[in-house]
1. When we measure straight from the Cα of K61, which lysines land under 26 angstrom away, once same-chain ones fewer than 8 places off are left out?
2. Rounded to the nearest 0.05, what FRET efficiency is calculated for L355 and A27 with R0 set to 51 Å and r the Cβ-Cβ distance?
3. Kirkwood Rh and Cα-based Rg: tell me the resulting Rg over Rh for segment 1-153, rounded to two decimals.
4. So how do I314, I126 line up by other beta-carbon neighbours within 10 Å, fewest first?
5. Determine ³J(HN,Hα), in whole Hz, for all residues of segment 305-315 in sequence, where each value follows from phi through the Karplus function 6.51 cos²θ - 1.76 cosθ + 1.60 and θ = phi - 60°; x replaces Gly and Pro.
6. Rounded, prolate or oblate, given the Cα gyration tensor of segment 255-321, with a/c below 1.5 counting as rounded?
7. Considering only DSSP beta bridges where both residues belong to the chain, give the percentage that are antiparallel (nearest 5).
8. What FRET efficiency comes out for the pair K197/R395, r = Cβ-Cβ distance, R0 = 41 Å, nearest 0.05?
Amino acid sequence: MFAEPAPAGEAGLGELDHLLGLHPAPALQPEDLPGLPVYEQFIPVLEARPPVRFLIPGFQKFGCAECHRPEELAAGAAERLKKTITQIERFIPDTQPVPVKQYIIQPYTDDLLRPGQLAHATFDTIRIFPAAVIIDARAYGGQTHLHETLHLAQPFLGHVNELEAYGLNVRSDPRFLLLNYPYFSDVVQVFFEPGLKDMIRHWFERGVREDRQVPREVQWFLMGFDEEALARLKKAVTRLVPVLEAASRLYRERPWLTAYLSEQTGVRSLVLDLAAVQRLDLPPLGHPDKREAAFDVFDRQMMRDDNTRLGYVIDRKQEALMTLKYTTGPKDPQERLALYFHYLKARFFDEEGNLKLEARNPEDFKNFLERKRRDLQRMAAYPALTPIERQGALRLVEQIGRRLAQESPP
C-alpha cells in the first residue's frame, strides 16, 4: 500500500524545477476563454462504463505541441485515471462507482484552477495543471489524482471531503500526515504516537529553496527525513486505518450533518475525532477533578455558531484548548487533548455508545445549506464552466433544495 520514497537531493529538486519551468501557467480571464481551441478525445477507461472526455484547451496556443502529442497525453491520463479509480474502489468498497466524465489538462490559471492549486475536482470533472501531472509522477506517486478523483465520488462538500481524501493519501504514504497534520494530529498524538508534535515541528523546520519553482510542500516531501520517526509514523498510520475507515462510513451515512458540524465548529478533524472516540479506549485523565470545568469550556466553544452564522473560520477546539491553557488548566497539552476526547464521548454518545448527531440550532443548519446552494448557483453561472460541470452543479443544487424542503415545516 505504501508508496516508494520520492527521489531526494539537490539533483532531483533541480530536475523537477527545470521541468516545472517548462510548463508555466499564464493567467486567463473568463473573456479570454471562449473560442480557445481545445483538443478533445473520448477514451474508455474502465469496462462497462461510459468513455471519459479528455480535453486540453489551448494545446497549440500555449506551446504544448512543441514537445508533446495530444493523443499520448490523453492516453497517459486515461491510464492514470484507471489506476486511481481502481485504488479508490478497493480502499472504499462501499463507495459509488467514481463518476468521472471529464478530465481537463489545463495549461493556464483561471477562477476554476487557481495559482497554488495542483488540481481541482469540480462536478464529474478533474482539472489539473501540466506541472501538477509532473509533480504527481515525480514526487507524490499519483496521490494528487487519488485525492481529486475521490472528491467526485463524495456525497457533499467541505472539511469532511478533505478529511476523507487526505485519509487515503495518508494510507499510501505517512508523509502526507505531516503535510496535512490538522486533519489527523490530535487523534494520532493521543491514541497512537505521543511524539507526533515534535515530528511535525522538525518536518517544517527544514529550510526550502525559495529560488525554486517547486512548491514548498513538494520540497519538504522530497527532502530526507528522520527514518526512525517515519517508521514510527508508518506504524501509527497502520493502526489509524480502521479509524479512518470508520470516519469515512460516518461521513457517508450522514453527509449533510457531518459537513455542517465540521464547518460550524471549524474542526477539520471532527469526524475522525468522533470515530476515534467510538472505536478506541479513551486515555486516562491525570486530573479528573478538571473534567467538569473543562467540559463547560468545550461546550461553550463547540456549540457556538459564529462560523456558519457570520462566516468566521475559527477552530473552536483550539480556542477551547487555549482557554484551558491560560485559565483552569491542566497545563499539560496532552492532558488537555485527553479532556477534549472525553468531552466528545459525553456530548455525542449515549450510554450504550451510540453516536448522537444533531444540529442544536436547526435554523443555522438550514442557513448553512442555503449558503451552499447559493455558492453552487454562482458557480453554475460561471461562463467558462463546461456543460458537464454545469449539469453536475445544478444537480447538487436540486439535491440541497429537496433537503431544505424536508427541513422546513409544512
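Quick note: the coordinates plus some simple rules give every number you see, no bench work behind them. All figures in this text were calculated on a predicted structure; none of them were measured in a lab. With ideal geometry, Cβ positions are generated from the backbone for all residues, glycine too; neighbour counts draw on all protein chains shown.
1. Partners within reach: K101.
2. After rounding, the FRET efficiency stands at 0.65.
3. 0.96
4. By the 10 Å Cβ count, ascending, the order reads I314, I126.
5. 10, 4, 4, 8, 7, 10, x, 5, 10, 10, 7
6. Note, shape of segment 255-321 comes out oblate.
7. 55 percent
8. 0.45
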